[in-house]
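In what follows, a single structure is set out as C-alpha cells and then discussed.
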Amino acid sequence: MIKSIVIVGGGTAGWITANHLAVALGGAGKSSVQITLLESPDIPTVGVGEGTVPAMRNTLAHFGIRETDFLRECDATFKQSIKFVDWVHNPGASVNNFYHHVFDYPAIYPLNTVPYWLLEPNNLKFADAVSLQGKVCDAGLAPKMITHPEFQGVTEYAYHLDAGKFSQLLANNAVNKLGVKHVKANLTDVDIDESGDIQFVKTDRAGDLKGDLFVDCSGFNALLIDKKYKVKFIDQSQHLFVDTALAMQVPYQNPDDPIASHTIATAKQSGWIWDIGLSSRRGVGYVYSSQYTDDTSAEETLRNYVGGAASELQCRKISMKIGYREKFWVNNCVSIGLSQGFVEPLEATGLLLFDAAAKMLAELLPGHKQDMAKTSRLFNQRSTYTWKRVIDFIKMHYYLSQRDDSEFWIDNRKASSAPQSLLEALDLWHNRPPSEYDFFSRFEAFNLDNYLYVLYGMEFQTNMSGIAGRYTQAEKSQEFYRRFSQQFDELKTQLEPNRKLLGRIKKYGLQTC
Amino acid sequence: MQENIVQLDKVEHSDIKLKNSLDLKRAGSGNMSPVIVHEIPQLSTQFPLIFIKNSNTGEFNWVALFGLESKQNLFVENEKWTGKEIPAIMTHVPLGMTTLPEDNDKLLVVIDTLSHLVSKDEGEALFNENGDETEFLKKRIQAMLTYQHHAKVTKELIQLIVELDLLESKEFSFEIGGDKKNLGGMYLISEEKLNKLPDEKILLLQKKGVLGAIYHHFSSLHNFKSLLNRLSERQGAA
Ligand SMILES: Cc1cc2nc3c(=O)[nH]c(=O)nc-3n(C[C@H](O)[C@H](O)[C@H](O)COP(=O)(O)OP(=O)(O)OC[C@H]3O[C@@H](n4cnc5c(N)ncnc54)[C@H](O)[C@@H]3O)c2cc1C
C-alpha cells in the first residue's frame, strides 16, 4: 500500500503538489497517506513566476483558500489578458501594433461571428469583435465589483502574484489545514533498491526520509529525475530560441499609480519583456536568446524599457533550458515543476502545467506500488502530449510574426524552425477558421479560444474564398459587435480601476456568496 | 432633492427649530432601510427583512424592503407613511449620527438643514439661550446613541451569520400587469444550511439572540405578497 509520499522541493510546484495530494487523499489527520515536504533552508526558490491563468481560481477554491486571503497575502492583482505589443510588425510600423489575448471566451454562441469578422473586419481588432474584455483592460478596470462573491466576476480573470508569498500561503495551508509535514533540510543522497525504486532520501539534518512515492519538485536542479535517474532531456531550442531571463522588481513611483489589469508582453529584437503589476510593485523581466544578443545589450534593453526608475535597481539573471523530459514518472519517482521541463513564460504556462500535473497525479495515484508502472505510462503519455502542444502554441507567437528587424525574428519565422505539428495545424487554418474539432482532448492546455485570439490577433490570413457563400447572417453579426460596445459602455460605469477595487478588498474583504 | 448635511453646531444652529415629524422625502426615497436586530420582531410583521450587499464595502446589511424596484416605496403616499411600523433610523431624519472616516470611535451629530422640518419659527428648539442642548435634542441624541449601539450588535450578528455561511443569493420573480419582473441582488438565509448546522452552532446562534431573529426573517418573507398587493393596488389606482 502507498502510505507515505515525500515531496522534494518547496517552490510553488512543491507546495501546489502537496496541497493537491493532501486534498485528494483525505486531508488532515484522517488520511491513510502521510505527505512530507522536504525543503532546503539554503537553496532559494527560483522566485519568479508571477502570471497565472483562470484555472488558478478553481485551484485556490479547491484547496480551501479564500480569495480575500490570497489577494491580501500575495500582493495579488487581477489579470484579464496578455497584451502583446510589437509582436506582429516591426516596432514603430504602426501605432496599433498590439493585440489582446483575453480570458473571456469569444462570443461564438449563438452565432459564430469569427467567419463574419474574417470576411468583413469592420476596422475592429479581432478581440474587440468577439469580446469586450480588451476594452475593459485598456480602460484599466477590474474584472469584478466589491459585491461579487469570491472567485466570481463580470469577466474571466486570473491573477498576478508574488511567487515567494504565494509559496508561503500554500505552505501554511498545506501544513496547518491539510496535515502535510514540513521538513527543512538538504537532500544529500538518494537510496535506490535493486528494482530501481527509491527507498529513502538522505538529508543533512533530518535523517533519512522513507517513502513509497517521491515527487521531484527540486526545480532546475532536478535532483531525482535527472541527477539520479538521468532521464533524457528533450531540448526544444531548435523551436524556441530564448534561454536567459533578466528579472527586476520595480517599485511604483506613487502609491496610487494604476495597476494594469493584464500582463504586458513587449517583443524586442532578441526576445520579449514581461511587465506584471502586483499591488506592491511591478515585476519586469527580459527573456532573450543568448545566441542573438549578449548580456550587456540585453540589460540595456531592459533598463531602457523600465526607464528612469531602473537606474538604482539590480537585476537577476536566470539561465533556462527550454525543453522537457523524455519521461516524467519513472519507478516510484514523479517530477513536477521546473524539474519536468520549461518553456518561456510567454503564456504563463508554468503554474498551469504544474497545477495540472499535480492534479493528475493526485487523481491517478494507485493504492498499491505494483500498479505504479501502468499508471506512470498513462501519466507520461498525457504529459508529453501537453508539452508538445504547449511548444506549438508558444512557437506560433513567433512564427506568425511579420517582424524582420533582426536575425532572431527572421530565423523564428522560418518553417524549418517550427514543429511539424504546428505547420500542419496552420495549414488547415489557411482555408478555414479553427474549429472545436481541432481540439479534441478535454485536457488541452490551450484551446480554441486561445488559438483564435492569437492567430487573428497576429493577423493570420484565412482564405475564405471557398466558403464565404455559407455565411448569410452578416447583419446579425454586426448587431453582436454593437452589443459589445453597448455592454462595455454600461460596464464602464460600474467597474472601477484595478487598484481601487484591490484597496477596497484589502479593507473590507470579499463575501463568499 | 437638495441636501446640506453638516455637523450640528450650537453656534451656527442656535436658532434652528425642528418639527417633530417624519421627513419622508429624505427617509422614504429608497425602497429599503437598514434595520437593527432589536426591531426585527415588530418589523417582520410588515416588511420582508432581507440581506443586501453594501455597494461600497460588499458587506451585508439587514434591511426592510418597501418596494420591488429601486426607488419604489409602497409605504409612502402623499408624503405620509402608510405602514403600521417603521424602522427606527427613518425617524432620526433630518438628524443623523455618523463616525469620522479617520476615527471610527468618534460619533458626530449631523443635520440636513434643507429638510422641510427645519425652520426658524416652527417646532422644537434644539438649543436654549445659553447654547445648551434642549431636552428635546437630548432625547433625540440619546435615541441615536442607543441606535448606534444596537447597530453595532446587529453588525456582529450578521458577521456570525456570514461566518456560518448561511446566506444564499435569491431572486424574487413576480408578475404585475402581465409584465414579468425580477428583483435581484437579494440574500436570504438558507433553511437547508441552517438545518445542517451542528448543534453547538445552533446553540451559539441562540445564545447570541440571533436564532429568534432568523425565524422572524423567515416569517417576514410572507410580506412579499403584501408588497405585491400594494403594488397592484397602486397600479390599479393609477
Ligand atoms: C524567468 C522565469 C519566468 C517565469 N514566469 C512564469 C509565469 O509568469 N507564470 C508561471 O506560471 N510560471 C512562470 N515561471 C515558472 C515558475 O517560476 C515555476 O514554474 C515555478 O516557480 C515552479 O518552480 P519549482 O517549484 O519547480 O522550482 P523552484 O522554485 O526552483 O523550487 C525548488 C525547490 O527545491 C528545493 N531544493 C533544491 N535543491 C534541494 C536539496 N538539495 N534539498 C532540498 N531541497 C532542495 C529548493 O529549496 C526549492 O524549495 C517562470 C520561470 C522563469 C525561470
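The values are calculated or read from the model by the stated rules, or taken from the named source; none is laboratory data. This structure is a prediction, so every number in the text was calculated from the model and none was measured. Note: ideal-geometry Cβ built from the backbone for every residue, glycine included; neighbour counts use all protein chains shown.
Can you find a residue that is away from the ligand (no atom under 14 Å from the Cβ), within 14 Å of chain B (Cβ to nearest Cβ) and under 16 Å from A:Lys165 (Cα atoms) anywhere in the range A:57-67? Within the range A:57-67, one or more residues are away from the ligand (no atom under 14 Å from the Cβ), within 14 Å of chain B (Cβ to nearest Cβ) and under 16 Å from A:Lys165 (Cα atoms). For the residues B:Leu164, B:Leu160, B:Leu231, the requirement of being over 19 Å from the mean Cα position of the chain (by Cα) and within 24 Å of B:Ala88 (Cβ to Cβ) singles out B:Leu160. Of the residues in the range B:108-128, at least one is without any contact (Cβ under 8 Å) to a residue 40 or more places away in the chain and over 30 Å from B:His217 (Cβ atoms). Beta carbons closer than 7 Å, at least 6 apart along the sequence or on distinct chains, pair a first residue in the range B:141-165 that is under 19 Å from B:Asn195 (Cβ atoms) with a second that is outside any helix (DSSP H, G or I) for B:Leu160/B:Lys208; B:Ile161/B:Leu167; B:Ile161/B:Ile189; B:Val162/A:Gln511; B:Val162/B:Phe60; B:Leu164/B:Leu197; B:Asp165/A:Thr512.
Screening A:Phe166 on (1) over 26 Å from A:Lys507 (Cβ atoms); (2) within 16 Å of the ligand (Cβ to nearest atom); (3) of a type outside the set (S, T, N, Q) shows it passes everything except condition (1).
Listed by first and then second residue, the pairs linking a residue in the range A:77-104 that is among the polar types (S, T, N, Q) to a residue that is surrounded by fewer than 17 Cβ atoms within 10 Å (Cβ to Cβ), with Cβ atoms under 6 Å apart and 6 or more places separating them unless they lie on different chains, are A:Asn90/A:Asp405. Considering every residue within the range A:357-380, establish whether at least one is within 23 Å of A:Gln236 (Cβ to Cβ) and within 13 Å of the ligand (Cβ to nearest atom). Yes, because at least one residue in the range A:357-380 is within 23 Å of A:Gln236 (Cβ to Cβ) and within 13 Å of the ligand (Cβ to nearest atom). Close Cβ contacts (under 6 Å, 6 or more residues apart or on different chains) running from residues in the range A:35-52 that are outside the structural domain of A:Gly211 (by TED's automatic domain parsing) to residues that are more than 6 Å from the ligand (Cβ to nearest atom) and β-branched (Val, Ile, Thr) comprise A:Glu50/A:Ile276; A:Gly51/A:Thr263; A:Gly51/A:Ile276.
Would it be correct to say that B:Ser14 is assigned to a loop (DSSP other than H, G, I, E, B), at pLDDT 90 or above and in contact with a Phe, Trp or Tyr (Cβ under 6 Å, 6 or more places away or on another chain)? Before you say what the answer is, go through the steps one by one.
Numbers: assigned to a loop (DSSP other than H, G, I, E, B): yes; at pLDDT 90 or above: yes; in contact with a Phe, Trp or Tyr (Cβ under 6 Å, 6 or more places away or on another chain): yes.
Taking the combined requirement at face value, the residue satisfies it.
If you go through the range A:34-55 and keep only what is more than 6 Å from the ligand (Cβ to nearest atom) and of a type in the set (A, V, I, L, M), you end up with A:Ile35, A:Leu37, A:Val53, A:Ala55. Restricting attention to the range B:174-184, does a residue exist that is within 14 Å of chain A (Cβ to nearest Cβ) and either out of contact with any Lys or Arg (no Cβ under 9 Å at 6 or more places or on another chain) or closer than 15 Å to B:His217 by Cα (or both)? Checked the range B:174-184: no residue is within 14 Å of chain A (Cβ to nearest Cβ) and either out of contact with any Lys or Arg (no Cβ under 9 Å at 6 or more places or on another chain) or closer than 15 Å to B:His217 by Cα (or both). Out of the residues in the range A:246-292 that are away from the ligand (no atom under 15 Å from the Cβ) and of a type in the set (A, V, I, L, M), which is farthest from A:Ile318 (Cα to Cα)? Per the criteria, the residue is A:Ile259. Counting only helices (runs of 4 or more DSSP H) wholly contained in the range A:434-513, the ones carrying 3 or more residues that are more than 14 Å from every other protein chain (Cβ to nearest Cβ) occupy A:448-457, A:474-494. Quick check: anything in the range A:140-149 more than 14 Å from chain B (Cβ to nearest Cβ) and more than 21 Å from A:Asp449 (Cα to Cα)? Within the range A:140-149 (the criterion being more than 14 Å from chain B (Cβ to nearest Cβ) and more than 21 Å from A:Asp449 (Cα to Cα)), the answer is yes, since at least one residue qualifies.
Counting only residues that are free of Cβ contacts under 8 Å to residues at least 40 places away in the same chain and part of a strand (DSSP E or B), the range B:89-106 holds 7 of them. Among the residues of the range A:301-334, those identified as within 30 Å of A:Lys227 (Cα to Cα), more than 9 Å from the ligand (Cβ to nearest atom) and touching a Phe, Trp or Tyr at 6+ places or on another chain (Cβ under 7 Å) are A:Lys321, A:Ile322, A:Gly323, A:Tyr324, A:Arg325, A:Phe328, A:Trp329, A:Val330, A:Asn332, A:Cys333, A:Val334.
Can you tell me which residue in the range A:398-454 is nearest to A:Lys268 (Cα to Cα), limited to those that are of a type in the set (A, V, I, L, M) and surrounded by fewer than 17 Cβ atoms within 10 Å (Cβ to Cβ)? Please lay out each step first, then the result.
Applying the first criterion (of a type in the set (A, V, I, L, M)) to the range A:398-454 yields A:400, A:410, A:415, A:418, A:422-423, A:425-426, A:428, A:445, A:448, A:452, A:454.
Next, from what is left, pick out any that are surrounded by fewer than 17 Cβ atoms within 10 Å (Cβ to Cβ): A:410, A:415, A:423, A:428.
Details: A:Ile410: 13, A:Ala415: 21, A:Leu423: 24, A:Leu428: 30 Å.
It comes out as A:Ile410.
Within the range A:9-26, if we keep just the residues that are more than 6 Å from the ligand (Cβ to nearest atom) and buried (at least 24 other Cβ atoms within 10 Å of the Cβ), the residue that is farthest from A:Leu365 (Cα to Cα) turns out to be A:Trp15.
One line per residue, one yes/no per condition, for (1) surrounded by 21 or more Cβ atoms within 10 Å (Cβ to Cβ); (2) aliphatic (A, V, I, L, M); (3) within 14 Å of chain A (Cβ to nearest Cβ):
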{"site": "B:Val37", "(1), (2), (3)": "yes, yes, no"}
{"site": "B:Pro41", "(1), (2), (3)": "no, no, no"}
{"site": "B:Gln46", "(1), (2), (3)": "no, no, no"}
{"site": "B:Asn56", "(1), (2), (3)": "no, no, yes"}
{"site": "B:Asn61", "(1), (2), (3)": "no, no, yes"}
{"site": "B:Glu69", "(1), (2), (3)": "no, no, no"}
{"site": "B:Gln72", "(1), (2), (3)": "no, no, no"}
{"site": "B:Val76", "(1), (2), (3)": "no, yes, no"}
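Condition first: within 10 Å of the ligand (Cβ to nearest atom) and within 22 Å of the chain's Cα centre (by Cα). Can you find one or more residues in the range A:189-205 that meet it? Within the range A:189-205, not a single residue is within 10 Å of the ligand (Cβ to nearest atom) and within 22 Å of the chain's Cα centre (by Cα).
Would you call A:Ala76 within 18 Å of A:Tyr157 (Cβ to Cβ), more than 12 Å from the ligand (Cβ to nearest atom) and away from chain B (no Cβ under 14 Å)? Criteria met by A:Ala76. Being within 16 Å of the ligand (Cβ to nearest atom) and of a type in the set (Lys, Arg) is a property that A:Lys184 has.
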